[in-house]
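One structure is given below, encoded as structure tokens.
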Amino acid sequence: MVAQFGAPAAAARAHEELFLYWASLRRGLKLPARRDLDPAAMKRLLPTLSLIDVLPAPREYRIRLAGTALWDVYGGEITGRALAEVYNSAAADYWRAELGRVVDEGRPAAGVHSLAWRGASHLSMLWVRLPLASDGERVDMILGYDAVIGLGQVMTGVRAA
């Protein structure tokens, strides 16, 4: 969905909403697991949410689930694909490094990534990645949320009231 409102503010609110939900699922120092997530609790964010599997050594990442609005960002379905199948080599390396930090540190990460690799240098993706761990400690999945910003527009899963 493309909406005409303040991109940084809307994206920051959505990121904060998802982060607060994720944090509410923590059990002390234990990370939440995939099974703890309730899609109904994140309903308005679902279109640009993703779940990313952390595959064992050699470490790789596969997109388990991608929201429907991400189809427009990536130009097609990315569910079930490895990073190298979705991105060019530079973008795949960027994501391996960012996701690797989430896995190694067991902490959330956020950033901005240019969509120039898609031929859309006027757009950027404001992203957040949140660690999930089946055992509460070892990150085996990552919850992601993306907002595409540029030219005064933002594409998020958030619908204006």
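Laboratory data are not the source of any read-out in this text; all were calculated from the coordinates shown. On a predicted model such as this, the values are computed, not experimentally measured, just so you know. Here the Cβ positions follow ideal geometry from the backbone for every residue, glycine too, while neighbour counts run over all protein chains shown.
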Worksheet item: Between Ala33 and Arg59, what is the spin-label point distance in nm, taking each point 7 Å from the Cα along the Cα→C-beta axis?
Response: 2.2 nm
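Evaluate the relative contact order of segment 23-87 (contact order divided by residue number), counting alpha-carbon pairs under 8 angstrom at least 6 apart; express in whole percent.
Details: 71 pairs, mean separation 14.4, N = 65.
Relative contact order here is 22 percent.
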Worksheet item: Under 5 Å between amide H atoms, partner at least 5 residues away or on a different chain: which partners does Tyr61 have, H built in plane at 1.01 Å?
Response: Leu55, Leu83
Response to the item:
segment 2-155: relative contact order from alpha carbon pairs under 8 Å, six or more residues apart, as a whole percent, is 29 percent
Response to the item:
Taking a crude spin-label model, label points 7 Å out from Cα along the C-beta direction, the Asn88 to Ser24 distance in nm is 4.1 nm
Item to complete: Sum up the charges of everything whose Cβ sits under 10 Å from the Cβ of Ala33, counting Lys and Arg as +1 and Asp and Glu as -1, but leave Ala33 out.
Response: +1
